[in-house]
Amino acid sequence: MEETINALVEQPAHGEAAARAPQAHRLALRFGGTGSEYFRIWIVNLLLILVTLGLYYPFAKVRRLRYFYGNTTLGGDEFDFHGNPWKMLRGFVLMAALAGAYGLASRASPWAALTALLVMAAIWPALFRASMQFRLANTSWRGLRFQFHGSTAGAYRALVPAQLALLLYLGGVAFLGDAAQDGPAVTQALPLAAWAMGAGALLLTLLAPWFWWLIKRYQHQHYGLGPLRTQLHCRPAAFYGVFLKAAGIGLLFVVPVVAASAAAAMTHSGMMVALALTMVLYVASLVVGSFVSARLQDLVWSRTRSRGLRFASRVPLSALMRLTLKNWLLIALTLGLYLPFARVARARLLIEAISVTTLHPPAALAAALRGMGGDAAGDASADLLGFDIGL
């Protein structure tokens, strides 16, 4: 067994040993779905969700995931999703109950809303971990089930910092909204509520790259396939680099918008300038959003590794921008009916940007992993728990 593991995971040697080392195999991810096929699934799902007042959503999600997974191949072999929609219904009902409780609490008082938010924040990391376990345990490739090995404590360490900043912001918003409806007792708390909202917004802005790194590190440090475990070799500075570049690109659009707004205020040519500024902001959101999506995917997957496996991602930024522009325009022109076609086209672009390099061809890799264990039903405890919260 030890020799099999070493043969699978050791890296090629240098010098003469390198000539005898097995040749690396690059396994490409491919997506073969079409918009017309997915449209039929999407429209039936949408109608059944409406007819059942949302209760069909877990079943619709299983149909969607099986379509996208079944049309995604790695080295020519497709993925599969085995989730039971009846088990997923439990997670859906739980999330609906939490959302309903928060809605009722927010109408009662800001204190009740804050209490509901604290309860949701307290259990959210545990639900996040359960959902990751469920999704991976029900995903397979060549008959091998994936696993997620993250702990509950790790989930809290990854999510709590962002939760605290978000709670600070939402708590301030709730109290400010209540103060706007008056009441002298609440109005006295107005400065504290404004401070909480401002501090929360500042933390969410300045620490967003760190929050995102914490979450991605928790996810990509704990993926598993048989004995293989992934690691994310990336520091927060790399995430800050992506976000700072995105902010710089955004400023290239914001500066002329501010200048044009000032000029419009002086010349009173409001309508045309407003239309032009709207178009500029639309293009800015497209460019910045596409840049962040592409560069974060490249960063995270290119820095995710396992012993004997290397991932790479090269999202063509210009192609993603053109596709995003096309999708937005056609979704608007068709009143949303182009949405399934847009999802398929975006999935194809992002999926096919990723590749995997291994020392063994797919058949040998799968056989070796199966021989070392890990080809059972994945994480049975996660399957029994059956939570899925939409990740």
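Restricting to the stretch 292-320, give me the number of residues that are surrounded by fewer than 16 Cβ atoms within 10 Å (Cβ to Cβ) and not charged (D, E, K, R).
5
Kindly indicate the residue of the stretch 134-169 that is of a type in the set (S, T, N, Q) and under 30 Å from Leu114 (Cβ atoms) and also surrounded by the most Cβ atoms within 10 Å (Cβ to Cβ) among those meeting that condition.
Applying the filter and picking the extreme gives Gln163.
Please identify the pairs in which a residue from the stretch 209-237 that is touching a residue at least 60 places away in the same chain (Cβ under 8 Å) and at positive phi has its Cβ atom under 8 Å from the Cβ atom of a residue that is outside any helix (DSSP H, G or I) and surrounded by fewer than 21 Cβ atoms within 10 Å (Cβ to Cβ), counting only partners at least 6 apart or on another chain.
Listed pairs, sorted by first residue: Gly226/Leu144; Gly226/Met372; Gly226/Gly373; Gly226/Gly374; Gly226/Asp375.
Identify, by number, the condition in (1) in contact with a Ser or Thr (Cβ under 6 Å, 6 or more places away or on another chain); (2) of a type outside the set (Ser, Thr, Tyr); (3) assigned to a helix (DSSP H, G or I) that Leu50 doesn't meet.
Result: Leu50 fails condition (1) only.
Could you please find all residues in the stretch 310-329 being within 22 Å of Tyr282 (Cα to Cα) and either touching a residue at least 24 places away in the same chain (Cβ under 8 Å) or of a type in the set (Gly, Ala, Ser) (or both)?
Result: Val315, Pro316, Leu317, Ser318, Ala319, Leu320, Met321, Leu323, Thr324, Leu325, Trp328.
Taking the condition of being at pLDDT below 90 and of a type in the set (A, V, I, L, M), how many residues in the stretch 238-267 meet it?
We begin by selecting, within the stretch 238-267, every residue at pLDDT below 90; these are 250-267.
With of a type in the set (A, V, I, L, M) added as a condition, the list becomes 251-252, 254-255, 257-260, 262-266.
Residues that pass the stated criteria total 13.
List the helices (runs of 4 or more DSSP H) that sit entirely inside the stretch 280-391 and contain at least 1 residues that are modelled with pLDDT of 95 or more.
The helices (runs of 4 or more DSSP H) meeting that bar are 317-333, 339-351.
Can you tell me which residues in the stretch 321-354 are more than 24 Å from Val300 (Cβ to Cβ) and either among the aliphatic types (A, V, I, L, M) or loosely packed, with under 15 Cβ neighbours inside 10 Å (or both)?
Scanning the stretch 321-354 gives Leu325, Lys326, Leu329, Leu330, Ile331, Ala332, Leu333, Thr334, Leu335, Gly336, Leu337, Leu339.
Inspect the stretch 88-97 for any residue being over 19 Å from Asn138 (Cβ atoms) and in a helix (DSSP H, G or I) and give the result as yes or no.
Scanning the stretch 88-97 turns up at least one residue that is over 19 Å from Asn138 (Cβ atoms) and in a helix (DSSP H, G or I).
The values are calculated or read from the model by the stated rules, or taken from the named source; none is laboratory data. If you're wondering where the values come from, they're calculated on a predicted model, not measured in any experiment. Cβ coordinates were reconstructed from backbone atoms using ideal geometry, including for glycine residues, and neighbour counts include every protein chain displayed.
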